[in-house]
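Encoded as structure tokens, the structure appears first; notes follow it.
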Amino acid sequence: MLVEITGKRNEERLIMTSLKIAEKFDKEHTHVLRDIRNMECSNTFRESNFGLSSYKSVQGKMLPMYEVTRDGFTLLAMGYTGKEAMKFKEDYINAFNTMESKLKRIYTERQQWQIERDKGVVIRHILTDTIKMKIADSPHKRFAYPNYTNLIYRTLFNKTAKELEQEYGVKSKENLRDYFIGSDLEKVQSAEMLVSSLINCGWGYGEIKEFITNQSQKLIAVE
């Protein structure tokens with residue numbers, strides 16, 4: 001891939017590797033490394049736009065390479081001329097713009113996910129408070145929330161909370177819901193609001209289970 005998205009969640013950036021630059025400009029990788037090291041730019045610019053990394057060669061050796069940002073590539077490529085070089089510069093601009101649009105879409109989806117996650121915290125409190133207030137005290141009351149949660153998960157995903165945690169590889173102290181995409185969070189929250197309403201109406205677990213099961217297709221189709 002010409003341009004890549006790299007970095008941790010919320011810290012992604014677009015980069016190109018010195019390996020890819022060497023390949024596309026038909027240069028020896030050692031020459032591209034030399035060109036980067038010999039650039040007469042400030043240390044601040046170099047540190048911000050040329051990240052020293054490594055790759056495994058076909059012989060299995062770890063060798064140096066650079067991860068290059070758009071600004072770094074622009075400055076480096078100024079010195080590369082010729083018809084093929086110009087074509088590659090055009091391809092790079094197009095690839096960068098495409099990946100930049102993808103990165104913006106990721107950020108937009110993440111913002112929507114955070115909205116749904118914040119809503120989910122409130123809705124979960126509504127459900128737990130409804131259980132506390134509306135379900136009669138008994139030795140089994142403390143199991144009500146996990147029972148309703150598993151009912152919702154089985155209805156929507158055909159798996160229990162524990163099975164979903166295993167599927168997503170949720171670690172200790174992590175929250176399963178942080179692994180859901182925004183649309184799945186919305187479905188869970190819609191089902192939780194429905195369960196809260198039915199409990200408020202005085203329905204028991206058996207009645208709610210039957211109703212939720214019968215409404216499963218509508219709940220799955222929530223957008």
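The values are calculated or read from the model by the stated rules, or taken from the named source; none is laboratory data. Every value quoted in this text rests on a predicted model; they were computed, and no experiment measured them. Here Cβ is always computed from backbone atoms with ideal geometry, including for glycine, and neighbour counts include all displayed protein chains. Side chains are part of the model used for accessible areas, which takes the heavy atoms of the whole protein and leaves out ligands, DNA and RNA. Shrake-Rupley method; radii C 1.70, N 1.55, O 1.52, S 1.80 Å.
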* Helix by helix through the chain, keep the DSSP H runs that span 20 Å or more along the axis on Cα and average at least 0.0 on Kyte-Doolittle, and give those back in order. => 182-200
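What does the accessible area per residue of the chain come to in Å², with a 1.4 Å probe and no ligands, DNA or RNA counted? Let's see the in-between values first.
On the way: 14040 Å² over 223 residues.
Each residue of the chain exposes 63 Å² on average to a 1.4 Å probe.
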* Asked: So how much accessible area does Arg34 have, in Å² to the nearest 10, using a 1.4 Å probe?
  -> 110 Å²
* Asked: Listed here are the pairs Lys102/Lys187; Lys134/Lys171; Lys134/Lys187; Lys134/Lys218; Lys20/Lys171; Lys61/Lys171; which of them are more than 28 Å apart at the Cα?
  -> Lys134/Lys171; Lys20/Lys171; Lys61/Lys171
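Roughly how big is segment 120-223's charge dipole about its Cα centre, with Cβ charges of +1 (Lys, Arg) and -1 (Asp, Glu), in debye to the nearest 20? Please list the in-between numbers first.
Values: 14 positive and 13 negative charges, 57 e Å.
The calculation lands at about 280 debye.
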* To do: Please provide three numbers in whole Å: the alpha-carbon extents of segment 35-96 along the principal axes, with the largest listed first.
  => 34, 30, 21
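Just order 187-194, 131-138, 22-29 by mean Cβ neighbour count inside 10 Å, highest at the front, would you? Let's see the in-between values first.
Details: 187-194: 20.4, 131-138: 11.2, 22-29: 15.4.
Highest-to-lowest ranking by the protection proxy: 187-194, 22-29, 131-138.
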* Got a number for carbon plus sulfur as a percent of the chain's accessible area, 1.4 Å probe? -> 51 percent
* Structure fact -> Per-residue accessible area, 1.4 Å probe, largest first, puts Tyr66, Tyr205, Tyr145 in the order Tyr205, Tyr145, Tyr66
* Asked: Roughly how many Å² of Met39 are accessible to a 1.4 Å probe, to the nearest 10?
  -> 30 Å²
* **Heavy-atom SASA rank of Arg177, Arg70, Arg105 (probe 1.4 Å, accessible area, largest first)** => Arg105, Arg70, Arg177
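Under Stokes-Einstein, with the Kirkwood radius over Cα pairs standing in for Rh, what whole-number D in µm²/s applies to the chain at 25 °C and 0.890 mPa s?
On the way: Rh = 21.8 Å.
Once the numbers are plugged in, D ends up at 113 µm²/s.
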* **Dipole axis of segment 103-164 (+1 Lys, Arg; -1 Asp, Glu on Cβ), positive-most option in His140, His125, Asn158** => Asn158
* To do: Answer with one residue from Leu198, Met16, Gly82: the one whose Cα lies farthest towards the positive end of the charge dipole of the chain, charges on Cβ with Lys, Arg +1 and Asp, Glu -1.
  => Leu198
